[in-house]
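Enquirer: The structure's right below; bear with me while I get my questions together.
The values are calculated or read from the model by the stated rules, or taken from the named source; none is laboratory data. Since we're looking at a predicted model, the values are computed, not measured. Here the Cβ is made from the backbone with ideal geometry for all residues, glycine too, and neighbour counts use every protein chain on show.
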Amino acid sequence: MTERMDRVINILIESFIPLLKAGVTFTVPLTLIAFTAGLAIAFFIAIVRVLKIRGLTGIVKTFVWIIRGTPLLVQLFIIFYGLPSIGVTLNSLVSASIGFSMSVGAYASEIIRGAIESVSKGQWEASKALGFKKIDTLKLIIIPQAIKVAIPPLSNSFISLVKDTSLAAAITVPEMFQIAQRITARTYEPLWLYTEAALIYLMISTVLTIMQSKLEVKFSKYE
């Protein structure tokens, strides 16, 4: 028993740096890229839906419906394994970035749209009376107020995305969970290695949660 535990401890010590390195090299960058691109998609969709832009509203509604209605893992498989059959081949990291960005875009668009619509309609009417165009009202008056409402749920989405990146292991992205799987295949210690990976995810999520709380306090000062 002592020999077994000594072996497990040695494996965990040796695997910590590779797991952490994978997190810093792939998990965190993938999260940042996907969330940034996803937010851009989300703002576009939300603005199209709020302004009811003809010709685009139906398209973005369909996009949101499809992305929210199908599993993220299936979407990743379609992008990475399915598209090559029609001549579109993307590497695993690009495929993951696209998949996660679309997912963030679809879900965050509902958050942003809800935040925009939570702003009093009277402000729209007052801006119209003052001669503001809809897009100017949105940019200068509505969105600054909506951001304060959207910050908490968007922060939660960001933290969830950190954990969701583990799905990228299924399409061979060498992120943290993928490395844990590789070490497990060599050492045959799935319980301890997956637990170690989970603890590192927990550490990252905890730091982000603390940052989220500080961000919310900062924005609450402007209410």
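Enquirer: Can you pull out the helices (runs of 4 or more DSSP H) entirely within the stretch 27-136 that have at least 1 residues that are under 19 Å from the mean Cα position of the chain (by Cα) and of a type in the set (S, T, N, Q)?
Expert: The qualifying helices (runs of 4 or more DSSP H) are 28-51, 72-77, 92-117.
Enquirer: In the stretch 196-204, is there at least one residue being assigned to a helix (DSSP H, G or I), under 24 Å from ARG68 (Cα atoms), modelled with pLDDT of 90 or more and acidic (Asp, Glu)?
Expert: The answer is no; no qualifying residue exists.
Enquirer: Now a separate question. List every residue pair whose Cβ atoms lie under 8 Å apart, where the two residues are 6 or more positions apart in sequence or sit on different chains, the first residue falls within the stretch 118-130 and is closer than 12 Å to VAL50 by Cβ, and the second residue, located anywhere, is part of a helix (DSSP H, G or I) and polar (S, T, N, Q).
Expert: Listed by first residue and then by second, the contacts come to VAL119/GLN145; TRP124/THR137.
Enquirer: Let me ask something else. Are any of the residues in the stretch 153-166 surrounded by fewer than 17 Cβ atoms within 10 Å (Cβ to Cβ) and within 24 Å of THR25 (Cβ to Cβ)?
Expert: yes
Enquirer: Of a type in the set (S, T, N, Q) and touching a residue at least 60 places away in the same chain (Cβ under 8 Å): is that true of THR31 in this structure?
Expert: Here the answer is yes, as THR31 does meet what is asked.
Enquirer: Among the residues that make up the stretch 206-217, is at least one of them surrounded by 19 or more Cβ atoms within 10 Å (Cβ to Cβ) and in contact (Cβ under 8 Å) with a residue 24 or more places away in the chain?
Expert: No, that holds for no residue.
Enquirer: A further question on this structure: Looking at MET211 and the list (1) farther than 23 Å from ILE9 by Cβ; (2) in contact with an Asp or Glu (Cβ under 9 Å, 6 or more places away or on another chain), which single condition is not satisfied?
Expert: Result: MET211 passes all but (2).
Enquirer: Within the stretch 105-141, which residues are modelled with pLDDT of 90 or more, touching a helix residue (DSSP H, G or I) at 6+ places or on another chain (Cβ under 6 Å) and not polar (S, T, N, Q)?
Expert: GLY105, ALA106, ALA108, ILE111, ILE112, ARG113, ALA115, ILE116
Enquirer: Could you figure out which of (1) surrounded by 14 or more Cβ atoms within 10 Å (Cβ to Cβ); (2) within 24 Å of the chain's Cα centre (by Cα); (3) within 30 Å of GLU216 (Cβ to Cβ); (4) not basic (Lys, Arg) isn't true of PRO144?
Expert: PRO144 satisfies every listed condition except (1).
Enquirer: Then there's this: Looking at the stretch 29-84, which of its residues are basic (Lys, Arg) and either surrounded by 12 or more Cβ atoms within 10 Å (Cβ to Cβ) or touching a helix residue (DSSP H, G or I) at 6+ places or on another chain (Cβ under 8 Å) (or both)?
Expert: The answer is ARG49, LYS61, ARG68.
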